[in-house]
1. Inside region 241-259, can you point out the residues that are within 24 Å of the chain's Cα centre (by Cα) and under 20 Å from Leu276 (Cα atoms)?
2. Could you tell me which numbered condition Asp404 fails, if it satisfies all but one of (1) at pLDDT below 70; (2) out of contact with any Leu (no Cβ under 6 Å at 6 or more places or on another chain)?
3. Between residues in region 114-129 that are part of a loop (DSSP other than H, G, I, E, B) and residues that are of a type in the set (A, V, I, L, M), which pairs lie under 6 Å by C-beta distance while being six or more apart or on different chains?
4. Out of (1) part of a strand (DSSP E or B); (2) of a type outside the set (A, V, I, L, M, F, W, C); (3) in contact with a helix residue (DSSP H, G or I) (Cβ under 8 Å, 6 or more places away or on another chain), the odd one out for Tyr259 is which?
5. Looking at region 444-461, is at least one residue within 19 Å of Ala523 (Cα to Cα) and surrounded by fewer than 17 Cβ atoms within 10 Å (Cβ to Cβ)?
6. May I ask you to list the residues in region 155-204 that are basic (Lys, Arg) and in a helix (DSSP H, G or I)?
7. If you scan region 232-269, which residues turn out to be within 22 Å of Ala301 (Cβ to Cβ) and either touching a Leu at 6+ places or on another chain (Cβ under 9 Å) or surrounded by 13 or more Cβ atoms within 10 Å (Cβ to Cβ) (or both)?
8. Is it the case that Gly526 is assigned by TED's automatic domain parsing to the domain that holds Ser419 and at pLDDT below 90?
Amino acid sequence: MTHPDSEEVETLVKDGVLQLLLEQSSDALVVVDVTGRVLAFNREAGLHFRMSRPERAEHGWLPGCVWMRADDASMSVEVPPLARALTGERVAESRWRVRRPDGTQLVMRASAMPLGTPEGLAAGALLRAREEAVPSGLDAVDSTRLLAEAGALLGAAFDEAAAPQLLRLLVPALGEAAVLYLGAPGEPPRPVAALHTDAQRHAMLEEVLRDYLLPPERVLPLFGLGQLERLHVTEAQLDAAARDATHARLLKGLGPCTYLGVPLVARERVIGTLALFRCDAARDFSAEEVRLAEEVARRTALSVDNAQLLQEAREAVRLRDEFLGIASHELKTPLTPLHLKVQLLQRQVDGLAAHQQPVSAERVSETLDVVQRQVRKLTTLVDNLLDVSRITAGRLRLEVEELDLASVAADILFRFAPSASQLQCELELHAPVPVMGRWDRLRLEQVVTNLLSNALKYGAGHPVRVVVESEGLTARVTVRDGGIGISAEDLPRIFERFERAVSDRHYGGLGLGLYITRQIVEAFGGTVRATSEPGQGSLFVLELPRGDIPEEWLVGHSAPEPSPV
């Protein structure tokens, strides 16, 4: 008995009834001949098996597909229906689990039947399959109830302590596992809560998040872009994400098959991600479930943002109250001796006038000196407050002119000589050559004054050394003192507004000098930084661009070394 050749089989496929079945069927249909050559592979087959039409299905096995009984707990590999039909067996419709070439799985109902010629010769086989609909775990009533409970839990402002309760609403309703990530824009997200339905896998999930926290681009590729992400997790992806063998074992032990990442977006900023995982590859997220997850994420983002705004408002009020307390104290400090001196002078004048005696010029002069000193302090305090207001409003203006930074520094050290003498600080200036540039004189004097007064305040009784130099188009001023120093944890914040590294009870000031200094320096396009160790003094380094200056200014001419002030 001989088998028909391929041309005869193709003629069978083109038969009117079979052709109509292939074109109009909503089922996946695959036809192969006895040699394994694929003769028909309709559009639904391509969608079901996620592949284009293959050339061959050797012995009835579609390339890259693994067939298993859906109701077999052992998940053992079975001979596919198409292969059995090629042997002449008629395979009745039953449930199958198929792992596709891309690693994803689906549950389908499939049947197969052998094809033969009118003469009774085996010609090939036909596979008919359709994906089994997996009902959603939530209906409309459940979804409404979940949203209502989530809204009541989140309230007006988010509390991280409520995050585990939020995930308990979503697991297992929307997935076997969930992780809530939060992070400010520009910062890596951090997991604030995680939950898995299985206790053993929950412990593994917490271990992964604790010991193998990956960068955001590895954990959540679209974090920061504000885009929803759905993907089927493959072993290859888990192997690529693993950092060592233990990590790989934990990831595979969690068994994630389907991932849904929903960004938390507030005021057009991505502030977190709600990550949901399913361990059943055949159970993909439906459109309704995605919309439900997006609504939960939207409400969570709103609550988190409200909590952040509330915290910022409370911090602003705290800073305001603290500042008002410091400002009132600092403003009273010069006013008190000013008032006392003027009051004393008034009494003396009134007493002398009553006895028709002249007022001592020396006594008036002494009082006026005190008045002038306290008025200068008041002026400085008020100017600082005005500068902060200008900086906050973006109204800081610079009047640029050609200056010699070395001369500016020398003038300021000369003005500070009396104060340094009272504090028993030796002032030393090292500025051997002019350092020309284009800057605002008043603002430049303000910057150097703030750095020098800061050095004298915290370095009382120790030498203060100021160095002015240049390197190409960059001018540099360094101010070193041998005072109390600054701790490592305080260094990053000393240039912030109202910040201090010491108690205001021992050292006066509004905590604005270094903040204003940094703002002015950055307006010049420069930088200012500090290094210090407690008890070893501090070093402040100011670097400024010299601007568009003539080339001959870049060559310094020697000058006499200034003597200590």
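The values are calculated or read from the model by the stated rules, or taken from the named source; none is laboratory data. Small disclaimer: the values here were computed from a predicted structure and weren't measured. Every residue, glycine as well, gets a Cβ built from its backbone with ideal geometry; the counts of neighbours run over all protein chains shown.
1. Ala241, Ala242, Tyr259
2. Just one mismatch for Asp404, condition (1).
3. Thr117/Ala123
4. That leaves (3) as the condition not met.
5. no
6. Arg168, Arg201
7. Tyr259, Leu260, Gly261, Val262, Pro263, Leu264, Val265, Ala266, Arg269
8. no
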